[in-house]
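The values are calculated or read from the model by the stated rules, or taken from the named source; none is laboratory data. Small disclaimer: the values here were computed from a predicted structure and weren't measured. Every residue, glycine as well, gets a Cβ built from its backbone with ideal geometry; the counts of neighbours run over all protein chains shown. Ligands, DNA and RNA are excluded from the accessible area calculation, which covers all protein heavy atoms including side chains. Shrake-Rupley method; radii C 1.70, N 1.55, O 1.52, S 1.80 Å.
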Amino acid sequence: MNFKKGEVLFFNKPLGWTSFKVVGHVRYHICRRIGVKKLKVGHAGTLDPLATGVMIVCTGKATKRIEEFQYHTKEYVATLRLGATTPSYDLEHEIDATYPTEHITRELVEETLTHFLGAIEQVPPAFSACMVDGKRAYELARKGEDVELKAKQLVIDEIELLECRLDDPEPMIRIRVVCSKGTYIRALARDIGEALHSGAHLTGLIRTRVGDVRLEDCLDPEHFKEWIDRQEIENDEDNN
């Protein structure tokens, strides 16, 4: 492998890790292994700390391919709790409101999900990395400032109900979503809750695919040191 010339690596991001931490961890162990102090390393699509799943990491000259990978279709499996919302639309914040769920049936859920197929408009979460007047939206939101973000168009190719437990003390659904770049699954959870005339927030999220890359193709970052120590390494750069 030649990490300066450029390699594309696939990782299954662990729960609680930031995307930034994955990149830093990978860079550290590559630099240690090839004996350099600096190396260009980047990822092709952020995953929230509370999400797990496929992350593509590029090194060296392969970082030029990051934008290409960002435009690949992504697949997620998301778990939503119905009848309650949080400011961040996930478990990063405590529940701020509860709503009735007695009227929700499996048939209503399935019918509601069909309204999210195709090209849709979505307002990103205030707790997101979107830029507002030169600052990240989450920086403003964490200070308690009102954040107004404009709706963006995106495409949802597939949405499937995998599980529906409405009789639980905390009613939940699990869905599979195939979508375009720029889709916030947390915001989708918010919008599904509103469309059900209730509320919802994300309690679990796995990115199961990016393009043709699936979870089974991915390395575990926590075992990356052992993996890279087994690899044959080239250090010369391609000057062509």
Could you check region 11-37 and list, in sequence order, the residues that are open to solvent by 70 Å² or more (accessible area, probe 1.4 Å) and assigned to a helix (DSSP H, G or I)? F20, K21, R27, Y28, R32, R33
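Given the options M55, M1, name the one that is more than 28 Å from K143 (Cα to Cα) and within 15 Å of the chain's Cα centre (by Cα). Step through it out loud before you land on a result.
Details: M1 fails: within 15 Å of the chain's Cα centre (by Cα).
Going through M55, M1 in turn, just one is more than 28 Å from K143 (Cα to Cα) and within 15 Å of the chain's Cα centre (by Cα): M55.
When residues of region 143-166 are filtered for being among the acidic types (D, E) and at pLDDT below 95, how many remain? If you could, list the steps in order and put the result at the bottom.
Applying the first criterion (among the acidic types (D, E)) to region 143-166 yields 145-146, 148, 157-158, 160, 163.
Next cut, at pLDDT below 95 only: 145-146, 148.
Number of matching residues: 3.
Of all residues in region 96-155, which are at positive phi and of a type outside the set (G, A, S)? Give the derivation first.
Taking region 96-155 and keeping what is at positive phi, we get 118, 133-134, 144.
Across region 96-155, the qualifying residue is only D133.
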Return the residues of region 126-180 that are without any contact (Cβ under 8 Å) to a residue 60 or more places away in the chain, hydrophobic (A, V, I, L, M, F, W, C) and within 20 Å of G193 (Cα to Cα); say none if nothing qualifies. A126, F127, L149, A151, L154, V155, I156, I159, L161, C164
Conditions (1) modelled with pLDDT of 95 or more; (2) farther than 27 Å from G118 by Cβ; (3) of a type outside the set (G, A, S); number of the one not met by K37: (1)
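Please verify whether region 91-98 includes one or more residues that are of a type in the set (S, T, N, Q), part of a strand (DSSP E or B) and surrounded by fewer than 16 Cβ atoms within 10 Å (Cβ to Cβ). Show your work before the answer.
Taking region 91-98 and keeping what is of a type in the set (S, T, N, Q), we get 98.
With part of a strand (DSSP E or B) added as a condition, the list becomes 98.
Among the residues that remain, those that are also surrounded by fewer than 16 Cβ atoms within 10 Å (Cβ to Cβ) are: 98.
Yes, there is a match, as at least one residue in region 91-98 is of a type in the set (S, T, N, Q), part of a strand (DSSP E or B) and surrounded by fewer than 16 Cβ atoms within 10 Å (Cβ to Cβ).
Would you please name the residue that is farthest from E94 (Cα to Cα), looking only at residues in region 196-227 that are open to solvent by 50 Å² or more (accessible area, probe 1.4 Å) and of a type in the set (A, V, I, L, M, F, W, C)? Steps first, answer last, please.
Narrowing region 196-227 to residues open to solvent by 50 Å² or more (accessible area, probe 1.4 Å): 197, 203, 206, 212, 214-217, 220, 222-223, 225-226.
Add one more test, that the residue is of a type in the set (A, V, I, L, M, F, W, C), and what stays is 206, 215.
On the way: I206: 21, L215: 30 Å.
Out of the qualifying residues, it is L215.
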V132 fails exactly one of the following numbered conditions: (1) more than 21 Å from V177 (Cα to Cα); (2) in the same structural domain as E148 (by the TED database); (3) surrounded by fewer than 16 Cβ atoms within 10 Å (Cβ to Cβ). What is the number of that condition? (3)
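Is it the case, given these coordinates, that P49 is modelled with pLDDT under 95 and open to solvent by 40 Å² or more (accessible area, probe 1.4 Å)?
Details: modelled with pLDDT under 95: yes; open to solvent by 40 Å² or more (accessible area, probe 1.4 Å): yes.
So P49 passes the test.
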Within the bounds of region 39-46, is there any residue that is under 25 Å from I192 (Cβ atoms) and within 14 Å of the chain's Cα centre (by Cα)? yes
For region 143-167, enumerate the residues that are more than 19 Å from V77 (Cα to Cα) and surrounded by 13 or more Cβ atoms within 10 Å (Cβ to Cβ). V147, L149, K152
